[in-house]
Amino acid sequence: MSYSAVTQKFLIASYCFAIVTAIAAPISTFIASIASIAMLVTWILSGHLWQGLKYSASHPAGKMILVFFIWLMISAFYADTAVQDKLITLYSWRPLFFSFLLLGMFYKIEWKKRLIYSYLMVMVIAALISLILWLLDIYMRGLPSPGIIMTNHTSQSMAFFVGVLCALFLWIKTTGLQKKSVLAVVILLFVVNIFFVSPSRSGYVALPVAAVFFLVNAYGLKKIPHILAGVMVVGLIIALSSNTLQERTKLALAEKTNVQKDTKLTSIGLREIFRENAIDLIRQKPILGYGTSSFKNTYSEHVAKKYQDWRAEGVSDPHNQYLFVWFENGVIGLILFLAYILVAIRSGVQQKSYSLIAASVLTGYVVTSFFNSHFKTFPEGHLLAFFVGCLLAYLPVKKECSE
């Protein structure tokens with residue numbers, strides 16, 4: 001077997017492992033970790049690493065990732081933490097590293113198709129199993145809600161949220177009535193799981209925002225009134241019929257109202273306390289922040305002096321991606337991070353193909369990251385990173401932008 005044939009097999013293997021990682025990210029951190037490492041190794045062995053890195057560095061989103069990472073490393077120097085803590089925090093940003101790598105690797109249209117179809121097939125099976133378990137009131141993996149079969153209810157909700165956008169894209173591109181009907185059923189299956197089965201509020205927020213963004217870019221600005229009306233009608237029907245959504249919304253409002261009165265930790269309460277104290281500390285060092293890896297020590301010391309109850313508990317993350325970046329890396333880091341998001345979304349919209357899925361997924365994550373650190377958490381972070389990296393990738397010279 002010739003050398004070129006061997007390297008081609010490694011190249012194909014790296015694409016396959018990338019798809020496996022994207023699918024496994026919300027389901028199994030173990031499988032996703034192994035697959036992502038295998039992807040990296042086979043990509044190196046394919047002999048395309050250097051060329052791919054050049055492609056990544058020439059991509060608008062890739063350039064912003066590089067600049068942001070450079071600032072993360074600079075910020076690490078002035079953080080008053082141990083070297084090990086600095087390395088751990090830098091490593092936690094690895095989903096962005098994978099996005100950067102994939103921008104110069106996953107540019108072939110046929111592999112983008114394989115990613116979408118493979119993802120949808122697995123997620124349809126997962127959604128059916130989840131729905132059956134929910135109807136039978138069966139709990140899995142020690143999780144507190146029936147029908148949750150993935151890492152947690154948030155990762156499951158976001159996985160099906162991505163599935164809706166993939167199916168919606170194919171529905172728009174498909175002309176046959178039979179195929180459209182099948183895709184419509186798939187979309188309905190995912191929507192039911194997000195709003196009726198899963199108690200995750202992330203999906204409740206991400207899907208309508210991303211759906212509007214996707215449809216406006218697919219059909220044009222003139223259709224905005226029709227799109228908004230349609231989404232509002234569907235949203236109203238879901239809100240009136242989903243007990244899960246109603247209960248989670250009522251609980252959120254009650255927790256937010258009673259933040260200062262609660263004697264025990266609550267989901268919304270802890271986020272409010274995180275936000276309040278993080279902002280107090282940010283005001284002291286708004287420009288440069290406290291440095292990469294500084295949040296846990298600085299925040300924990302601050303609340304330990306201020307409170308005597310559950311509010312005094314130290315944490316490593318404020319459950320708000322933007323506050324985390326601003327806290328550790330200052331307004332400079334926050335601007336660079338937001339610039340990456342805007343550039344990536346713009347690139348996705350301009351390409352007018354599978355990239356629109358990536359831009360829409362990223363738009364949904366932008367909203368949920370106000371109350372989560374979804375860019376860094378393993379299941380949601382890797383899911384986002386692989387869809388953005390794979391679907392935004394293109395050749396810098398001969399741009400492939402059509403199916």
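The values are calculated or read from the model by the stated rules, or taken from the named source; none is laboratory data. Small disclaimer: the values here were computed from a predicted structure and weren't measured. Note that we place each Cβ from the backbone using ideal geometry, even for glycine, and neighbour counts take in every protein chain shown.
Of the residues making up the range 138-167, those that are free of Cβ contacts under 8 Å to residues at least 60 places away in the same chain, of a type outside the set (A, V, I, L, M) and part of a helix (DSSP H, G or I) are His153, Ser157, Phe160, Gly163.
Yes/no matrix, rows are residues, columns are (1) in a helix (DSSP H, G or I); (2) of a type in the set (Ser, Thr, Tyr):
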| site | (1), (2) |
| --- | --- |
| Leu96 | yes, no |
| Ser99 | yes, yes |
| Tyr107 | no, yes |
| Lys112 | yes, no |
| Ile116 | yes, no |
| Leu120 | yes, no |
| Met123 | yes, no |
| Ala127 | yes, no |
| Ser130 | yes, yes |
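Considered as a group, the residues in the range 247-262 that are under 17 Å from Tyr307 (Cα atoms) and surrounded by 11 or more Cβ atoms within 10 Å (Cβ to Cβ) include one that is modelled with the lowest pLDDT, and that residue is Asp262. Is the range 233-253 home to any residue that is of a type in the set (Asp, Glu), over 28 Å from Leu170 (Cβ atoms) and outside the structural domain of Lys86 (by TED's automatic domain parsing)? So far as the range 233-253 goes, yes, one or more of its residues are of a type in the set (Asp, Glu), over 28 Å from Leu170 (Cβ atoms) and outside the structural domain of Lys86 (by TED's automatic domain parsing).
Within the range 19-33, does at least one residue satisfy the condition of being in contact with a Ser or Thr (Cβ under 9 Å, 6 or more places away or on another chain) and of a type in the set (Phe, Trp, Tyr)? No, that holds for no residue.
If the condition is being in contact with a Gly (Cβ under 7 Å, 6 or more places away or on another chain) and more than 20 Å from Ile37 (Cα to Cα), then the range 82-126 contributes Leu120, Met123.
Among the residues of the range 154-166, is there at least one that is in contact with a helix residue (DSSP H, G or I) (Cβ under 6 Å, 6 or more places away or on another chain), surrounded by fewer than 21 Cβ atoms within 10 Å (Cβ to Cβ) and not acidic (Asp, Glu)? Scanning the range 154-166, I find no residue that is in contact with a helix residue (DSSP H, G or I) (Cβ under 6 Å, 6 or more places away or on another chain), surrounded by fewer than 21 Cβ atoms within 10 Å (Cβ to Cβ) and not acidic (Asp, Glu), so the answer is no.
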